[in-house]
Amino acid sequence: MLLDTIFFYYQKLNREIKKFHERKIEDEYIYLIVDGIHLKVKDGVRYRKRVVLCAYGVRKDGRRKLIDFMIVQGESETAWEGFLGDLYRRGLEGKELKLIVSDGSKGLEKALEIIYPRVLHQRCWRHKMENVANKIPRKWREECVEEAKKIYQAGSRKEAVKIYWEWAKKWREKVPKAVSCLEKDLGKLLHFYKFPQAHWKHIRTTDILERAFREVRRRVRPISCFTNRESCERVIYGVISNLNKNWEDTPIEFTQNY
């Protein structure tokens with residue numbers, strides 16, 4: 001009897017998840033943040049790494065939502081194009097979209113150029129700083145990274161560029177690879193300055209998705225991995241639904257309108 005009840009519940013939840021993946025999406029977001037989380041899912045008799053692609057949107061009034069997710073084998077251009085293309089076909093055409101924030105995934109960058117070629121692309125500062133830090137010897141790492149953070153903490157784009165050149169001049173000889181790593185993406189790292197200052201901290205990183213992913217990992221920790229794809233979908237859907245419900249009455253408080 002208990003097994004029948006559990007089976008019935010899972011079947012009902014699976015249908016609910018299917019409707020979530022197929023629903024129409026309102027084209028109402030001005031900011032879109034996209035990222036992926038790596039998890040272990042059982043495939044037959046072996047456990048394999050899978051990636052959960054996820055999209056989070058923010059409207060003009062500060063209301064936000066985790067829009068959808070997709071479980072794929074890896075962050076290839078094909079996978080990201082499939083995910084973003086599905087969002088587009090279901091209504092997220094990007095007519096109101098001003099900025100897309102992401103990490104440095106090459107596959108994602110190429111997919112964005114295909115699906116949303118006219119939308120500005122903001123590179124995530126947190127991911128970039130991690131990449132920069134990995135190219136700095138330990139003896140200089142803390143000092144160099146802390147000084148680099150002042151770039152995105154500047155009060156304007158002009159000031160940020162000035163701070164960058166001062167930082168680059170000081171560190172280029174000691175850590176040329178770190179400086180080059182930041183310099184090659186500087187333009188995309190500074191796009192957030194084109195928007196109201198009250199929005200900056202929300203759109204210069206993918207941190208909001210990272211916090212959602214931490215909740216997924218917390219739920220997974222006791223079992224270490226998922227027994228199948230369906231169980232993975234159910235847990236992620238549960239976390240997303242709970243976050244979206246909590247956010248309904250707690251929009252981001254933009255003190256400046258777009």
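The values are calculated or read from the model by the stated rules, or taken from the named source; none is laboratory data. In this text, all values refer to a predicted model and were calculated from it rather than measured experimentally. We place every Cβ from the backbone using ideal geometry, glycine too, and count neighbours over all the protein chains shown. The accessibility values were calculated without ligands, DNA or RNA, using every heavy atom of the protein model including side chains. Shrake-Rupley method; radii C 1.70, N 1.55, O 1.52, S 1.80 Å.
Of note:
- Filtered residues of the range 105-141 (kept if among the charged types (D, E, K, R) and over 18 Å from L190 (Cα atoms)): K106, K110, E113, K135, R138, K139, R141
- When the test is whether a residue is under 27 Å from G85 (Cβ atoms) and not hydrophobic (A, V, I, L, M, F, W, C), R138 does not pass it.
- Residues in the range 116-142 that are under 24 Å from V72 (Cβ atoms), in contact with a Gly (Cβ under 8 Å, 6 or more places away or on another chain) and surrounded by fewer than 21 Cβ atoms within 10 Å (Cβ to Cβ): Y116, V119, H127, N131.
- Contact map, the range 137-148: residues that are at negative phi and among the charged types (D, E, K, R) paired with residues that are surrounded by 10 or more Cβ atoms within 10 Å (Cβ to Cβ) and assigned to a helix (DSSP H, G or I), Cβ distance under 7 Å, separation 6+ or inter-chain. Pairs shown: R141/A133; E147/W167.
- Residue selected from the range 161-220 under the condition of a type in the set (D, E) and in a helix (DSSP H, G or I), by the criterion most open to solvent (accessible area, probe 1.4 Å): E166
- Within the range 1-49, the set of residues being at pLDDT 80 or above, more than 28 Å from the chain's Cα centre (by Cα) and open to solvent by less than 100 Å² (accessible area, probe 1.4 Å) comprises just one member, Q11.
- Check on L84, modelled with pLDDT of 95 or more and farther than 18 Å from H191 by Cα: yes
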